[in-house]
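The values are calculated or read from the model by the stated rules, or taken from the named source; none is laboratory data. The structure displayed is predicted, hence computed values, not measured ones. As a convention, Cβ positions derive from the backbone with ideal geometry for all residues, glycine included, and neighbour counts pool all protein chains shown.
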Amino acid sequence: MPNQPSPMLNVKSIDVAYGLVSVLHQVSFKVYEGQTVALLGANGAGKSTLLKAISGSVPVQNGEIFFQEKSLVGFPPQQIAKMGLVLVPEGRQIFREQTVEDNLQLGTYLRRKDSRQELLKDREFIYELFPILYEKSKQLAGTLSGGQQQMLATGCGLMAKPKLLLLDEPSLGLAPLAIKELYKVLWQLKSQGLTILLVEQSANLALEMADYVYVLTNGQVTVEGKSHDLRELEVIEEAYLNKKSVV
């Protein structure tokens, strides 16, 4: 049998704390190139903290994080993003006083070596994915609807040319129609081979889209498996009903 390829992202037994509050405990998981992997769990289970640790926003106390076999521990977020690991954080963190077009341009700030023609081509790709952003390209980002702001935040992440896209709660607070439009694009990106690590409040959305799933409970991985094997397990519901999580 051929050897299994090395994972694109390999998180090995990491611990993360905020001051004296321990949040993640010996967390390990892997993401392979072309996969969509979902992280599920109740509010406060540590999902967002885990994405922040991977992207360099919070320090890791113990353990290792490897991206394409290179250790990320100790690297600043900008350097990690430049490697191709890009986080679209929770809360639609866009520049509200800038136009849609300016926000997309700011998403390319690490791509100084790329030509203007290449950047314009990528912007056109974002407009093809999200036609409403083209229609509102000269509009201030803060005047967009919540769904449109999430599209813009996702577009900005894509403008950074990710090899691995980290999405933190992309459907949070959105209307059903906006969620449908957003996930239509995410499915398209998945079909084109983009590797995605997804934290999602909706277990149904995540289980439908993901190839593999890890469940976090109180900062620890308690369940993992292929998404179609986990859909009927009560442990998913139990993880979301867990009330003991602290962060």
Failed item in (1) crowded, with 19+ Cβ neighbours inside 10 Å; (2) more than 14 Å from the chain's Cα centre (by Cα); (3) among the hydrophobic types (A, V, I, L, M, F, W, C); (4) part of a strand (DSSP E or B), with residue 45 passing the rest: (4)
Test result for residue 30, closer than 17 Å to residue 197 by Cα, among the basic types (Lys, Arg) and surrounded by fewer than 22 Cβ atoms within 10 Å (Cβ to Cβ): yes
Of all residues in segment 199-214 being small (Gly, Ala, Ser) and part of a helix (DSSP H, G or I), the one that is modelled with the highest pLDDT: 206
Of all residues making up segment 78-87, the number that are in contact with a helix residue (DSSP H, G or I) (Cβ under 9 Å, 6 or more places away or on another chain) and either in a loop (DSSP other than H, G, I, E, B) or not β-branched (Val, Ile, Thr) (or both): 2
Whichever residue in segment 1-31 is touching a residue at least 60 places away in the same chain (Cβ under 8 Å) and assigned to a loop (DSSP other than H, G, I, E, B) and, among such residues, is farthest from residue 220 (Cα to Cα): 6
Single residue of segment 215-240 satisfying the filter (modelled with pLDDT of 90 or more and hydrophobic (A, V, I, L, M, F, W, C)) that is surrounded by the fewest Cβ atoms within 10 Å (Cβ to Cβ): 221
Subset of segment 141-175 [closer than 16 Å to residue 206 by Cβ and among the charged types (D, E, K, R)]: 168, 169
Residue selected from segment 85-113 under the condition among the charged types (D, E, K, R) and surrounded by fewer than 17 Cβ atoms within 10 Å (Cβ to Cβ), by the criterion nearest to residue 14 (Cα to Cα): 111
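To keep it simple, each residue is scored yes or no on (1) surrounded by 23 or more Cβ atoms within 10 Å (Cβ to Cβ); (2) in a helix (DSSP H, G or I); (3) among the β-branched types (Val, Ile, Thr); (4) touching a Leu at 6+ places or on another chain (Cβ under 8 Å).
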| residue | (1), (2), (3), (4) |
| --- | --- |
| 151 | yes, yes, no, yes |
| 166 | yes, no, no, yes |
| 172 | no, no, no, no |
| 180 | no, yes, no, no |
| 187 | no, yes, no, no |
| 197 | yes, no, no, yes |
Filter pass, residue 38 being under 17 Å from the mean Cα position of the chain (by Cα), buried (at least 21 other Cβ atoms within 10 Å of the Cβ) and in a loop (DSSP other than H, G, I, E, B): no
Residue satisfying condition, being over 14 Å from the mean Cα position of the chain (by Cα) and under 30 Å from residue 207 (Cβ atoms), within set 100, 73, 60: 60
Candidate set from segment 5-22 (those that are among the aliphatic types (A, V, I, L, M) and at pLDDT below 95); member that is surrounded by the fewest Cβ atoms within 10 Å (Cβ to Cβ): 20
Scope segment 88-101; condition farther than 18 Å from residue 166 by Cα and either free of Cβ contacts under 8 Å to residues at least 12 places away in the same chain or assigned to a loop (DSSP other than H, G, I, E, B) (or both); matching residues: 95, 96, 97, 98
Candidate set from segment 30-57 (those that are on the phi > 0 side of the Ramachandran plot and touching a strand residue (DSSP E or B) at 6+ places or on another chain (Cβ under 8 Å)); member that is modelled with the lowest pLDDT: 41
Tally, over segment 57-84, of residues that are polar (S, T, N, Q), surrounded by 15 or more Cβ atoms within 10 Å (Cβ to Cβ) and under 20 Å from residue 7 (Cβ atoms): 1
